[in-house]
Every structure is written in C-alpha cells, then in structure tokens.
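Read the figures in this text as sums done on the coordinates, not as results from a lab. Here the structure is a predicted model, which means the values were calculated and not measured. Every residue, glycine among them, receives a Cβ derived from its backbone with ideal geometry; neighbour counts consider all protein chains shown.
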Amino acid sequence: MRFLCDAMLGKLARWLRIIGYDTELATNEGDSSLEARARLEGRILLTLDKSVKGLHLPSQNLDDQLVFLARELGMEIPSEPIPLRCPKCNGELEPTSVGLPNYVDKGWKCKRCGQLYWEGSHWMRMRSFLKRVRDKISSQPT
C-alpha cells in the first residue's frame, strides 16, 4: 500500500513510514491536486477533510488513525519499526555502518536526504507505542 496524507496528517505520515509504508505528505496542494496526485501515483489519499475524495479518518488521534487503517484496509501494524522508509522525507533507507556513533554497529541511511538512523533508546518507545496500537486493535470489537 502506498499513501498520500494531506497536510494535517504529518504525524500519521511519519508513523506510516516508520512501519514501512511508502507515504508522501502533501503540504501546499489544493483538494483537486491532492486527488489527482493520489490517482496518478497510485496512492490511497488519507484526509480529515470531508470535502476531499479520499479515505476519511474519523479522528485526529494517532492511535485511533492507525487502528482505523488496520481495520479498514487490513493493514498490518508490526510489533516494531521497519527500517525501509525515512520518517523525515520518505526516501528509501539502506544499511550502513558509516557515520554512526562509536557505540553503534549498524544503522540505516536515507538515500534521498542522507539522514542516519539506528536502534537507539527511542526504539523502545516506538515498540511500546506500536504495542499499544496493536492492543487496541485486538481489544476493540470490529
């Protein structure tokens, strides 16, 4: 699945990238441009705006948005981050050991923006967040 998030969904776009989904964030596009771009690029348009022809998210809460997408699209929420996409720019990540802190053996570098990533202390917080979302999915009736 490939997504296009409207400008109001920056946090969701970042998290979709963190769990491995190709997700673009539209920042200065009008409604008709968003719809056309989604069609042209074969993306699912995610929006909070009822006037836009896309998949309307029922909440501004990130947890609820991910639960909704998992149920609505059958999207899998993994138990930990999947380092495939750059959370910052959506570029592809490639494994690297260059440029990382001395205490880190392996990590990833974005092919587009050059940002470096590795499993630091934040990785545990991301796992915890994903567990909370997965628990909500399994505990709420469908």
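A few notes on this one:
- DSSP beta bridges fully contained in region 2-139 are about 45 percent antiparallel.
- In straight-distance terms, cross-link reach from Lys106 covers every one of the lysines whose alpha-carbon lies under 23 Å from its own, apart from those fewer than eight places away in the same chain; here that gives Lys88.
- Relative contact order, percent, region 1-89 [alpha-carbon distance under 8 Å, six or more residues apart]: 35
- Order of Phe3, Phe68, Phe129 under a 10 Å beta carbon neighbour criterion, fewest first: Phe129, Phe68, Phe3
- Packing-based order for 38-45, 92-99, 5-12, using average beta carbon neighbours within 10 Å, highest first: 5-12, 38-45, 92-99
- Structure-based [θ]222 nm, the chain - -39500 (n - 2.57) summed over DSSP H runs of at least 4, per residue, nearest 500: -11500 deg cm²/dmol
- Anisotropy class of the chain from Cα gyration tensor, a/c 1.5 cut: oblate
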